[in-house]
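This report refers to the structure that appears directly beneath it.
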Amino acid sequence: MAPDPFVTGENVDEIFPGIVDAVPDLLTGSDPFRRAKILERIKKCFPHYPGLRAAVDTALWDLMGKKAGLPVWKMIGGYRSKIETSVTIGICPVDET
């Protein structure tokens, strides 16, 4: 489950109140297409919570796609039928994943 305290130093119980209580106030009236500016503001308020910032970033992409009437994959240039990938290897022991 992400965020993982071992990887990011945070857990869902820590970031959930920020997402529910603080983030809506920070985003109200913001233009989602000014994503970088919004994420700067979020980072200033939550400098030690990368999982929270990633959740906001994902939500912004989703909102931009909905406002533009486009799927996010098209907005980020998804035009290929094949893409190069990497393999992600877990850093926790198998019994902890």
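Kindly indicate the residue of the range 41-71 that is under 17 Å from residue 8 (Cα atoms) and among the aromatic types (Phe, Trp, Tyr) and also modelled with the lowest pLDDT among those meeting that condition.
49
Which of the residues spanning the range 38-53 are without any contact (Cβ under 8 Å) to a residue 40 or more places away in the chain, closer than 22 Å to residue 7 by Cβ and not in a loop (DSSP other than H, G, I, E, B)?
Selection gives 39, 42, 43, 45, 53.
Are any residues in the range 56-74 hydrophobic (A, V, I, L, M, F, W, C), closer than 15 Å to residue 31 by Cβ and either without any contact (Cβ under 8 Å) to a residue 24 or more places away in the chain or in contact with a helix residue (DSSP H, G or I) (Cβ under 8 Å, 6 or more places away or on another chain) (or both), and if so, which ones?
At the first step, the residues of the range 56-74 found to be hydrophobic (A, V, I, L, M, F, W, C) are 56, 59-61, 63-64, 68, 70, 72-73.
Still in the running and closer than 15 Å to residue 31 by Cβ: 56, 59-61, 63-64, 68.
Result: 56, 59, 60, 61, 64, 68.
Name the one entry in 89, 38, 76 that is modelled with pLDDT under 85 and β-branched (Val, Ile, Thr). Steps first, please.
Numbers: 38 fails: modelled with pLDDT under 85; 76 fails: modelled with pLDDT under 85.
Only one candidate qualifies: 89.
Filter the range 65-79 for residues that are more than 15 Å from residue 35 (Cβ to Cβ) and of a type in the set (D, E, K, R) and give the result.
The answer is 74, and nothing else.
Are any residues in the range 15-37 farther than 13 Å from residue 55 by Cβ and either touching a Pro at 6+ places or on another chain (Cβ under 9 Å) or outside any helix (DSSP H, G or I) (or both), and if so, which ones?
Answer for the range 15-37, where residues must be farther than 13 Å from residue 55 by Cβ and either touching a Pro at 6+ places or on another chain (Cβ under 9 Å) or outside any helix (DSSP H, G or I) (or both): 28, 29, 30, 31, 32, 33, 34.
What is the residue count in the range 64-97 for residues that are loosely packed, with under 10 Cβ neighbours inside 10 Å and either part of a helix (DSSP H, G or I) or touching a strand residue (DSSP E or B) at 6+ places or on another chain (Cβ under 7 Å) (or both)?
Residues meeting the conditions: 3.
Before we move on, is residue 22 within 20 Å of residue 92 (Cβ to Cβ) and surrounded by 12 or more Cβ atoms within 10 Å (Cβ to Cβ)?
Details: within 20 Å of residue 92 (Cβ to Cβ): no; surrounded by 12 or more Cβ atoms within 10 Å (Cβ to Cβ): yes.
Spelling it out, it is not the case that residue 22 is within 20 Å of residue 92 (Cβ to Cβ) and surrounded by 12 or more Cβ atoms within 10 Å (Cβ to Cβ).
The values are calculated or read from the model by the stated rules, or taken from the named source; none is laboratory data. Everything quoted here is computed from the prediction, not taken from an experiment. All Cβ positions, glycine included, derive from the backbone under ideal geometry; neighbour counts span all protein chains shown.
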